[in-house]
1. Can you give me the Kirkwood hydrodynamic radius for the chain, using every pair of distinct Cα atoms, in Å to one decimal?
2. Name the cysteines of the chain that stand alone by the Cβ rule: no other cysteine Cβ under 4.7 angstrom.
3. What ranking do VAL191, VAL23, VAL103 get, fewest neighbouring Cβ atoms within 10 angstrom at the top?
4. Looking at the range 42-80, which GluC sites (Glu not before Pro) are DSSP coil and have at most 13 other C-beta atoms within 10 Å of their C-beta?
5. If you take the beta carbon distance between ALA75 and ILE240 as r and set R0 to 30 Å, what does 1/(1 + (r/R0)^6) give as a FRET efficiency, to the nearest 0.05?
6. Add +1 for every Lys or Arg and -1 for every Asp or Glu among the other residues with Cβ under 11 Å from the Cβ of GLY43, and state the total.
7. Can you tell me how much longer the chain between ARG224 and ASP175 gets when fully stretched, taken as 0.36 nm per residue apart minus their C-alpha distance, in nm with one decimal?
8. Calculate the dipole size of the chain relative to its Cα centre from +1 charges on Lys and Arg beta carbons and -1 charges on Asp and Glu beta carbons; express the result in debye to the nearest 20.
Amino acid sequence: MTILRAACFSDIGKVRKENEDRVLCDEASQLFGVADGVGGLPGGGEAAQETVDNVLRGVRAAPSQAEIDLRSIVAKANDAVVALGMKLSPGVGIGSTLTVGCVRGDRLRLAHVGDSRAFALRNGDFYPLTEDHSVENEAKRRRARGEVVYYSESQRGALTRCIGQALTPEVDLSDLPLNPGDRFAFCTDGVTRMLAEKDLRDIMLKAKQPSEIVRGLVDMAVYRGGPDNATAVAFIVDSI
């Protein structure tokens, strides 16, 4: 079994009246990640909580040595958020991002929907592991295929996928090998909008403990203005 250390930390920030971020940081299940209630929709905190509750339940229900089916688990979480949205906000629904990783053996399985992000640090090299599901990025992908796409500048960061949409969202899945010494961080956009990749790398590299990584990331985001909830989860692989 992979031996690792993990930590999480969240701050409401300096502007928001409610923290709608949620964390997954379960060392027993080796499940880590973040969820962030979608801005502009009601019930963001409830959507994020329903998301993480269902993902954790799904992972715990899977046999510990079995392949983990994150696609199916995320689809069931989406259905649960849709159902909750019908009760809380039948007119427009509710939504959440989800970026989550589950360690199985010597590999990390990642699932990603929305604009929370995951990062890795290996031998001093920094790697973004996810791409935001935003209007801007979707336009870039379509333009790369030769399509002509226009969008309003005010809509560039709007989400094109989230947990809680009527049709099950496409989930970005990846499977990564783990090495001793690897470091991983999962952050909501309240962190990533305030920190450059160099800041992220420096904090992940210099910290001795996962708790120092998450406090460093969140505290810097809040110090720089804290316009949104700021949340991070991190783990360090000690041995495989």
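Please treat every number below as a calculation from the coordinates, not as lab data. Everything numeric here is computed off the predicted structure, so don't read it as measured data. Quick reminder, even Gly has a Cβ in these numbers, built from the backbone with ideal geometry, and neighbours come from all protein chains shown.
1. 18.0 Å is the Kirkwood radius here.
2. Within the chain, the cysteines lacking a partner Cβ under 4.7 Å are CYS102, CYS162, CYS187.
3. The order, fewest Cβ neighbours first, is VAL23, VAL103, VAL191.
4. When the GluC sites (Glu not before Pro) of the range 42-80 are filtered for loop state and at most 13 Cβ neighbours within 10 Å, GLU67 remain.
5. Details: r = 30 Å, r/R0 = 1.00.
Efficiency at R0 = 30 Å is approximately 0.50.
6. Here the charged neighbours net out to -3.
7. 14.3 nm
8. That gives a dipole near 180 debye.
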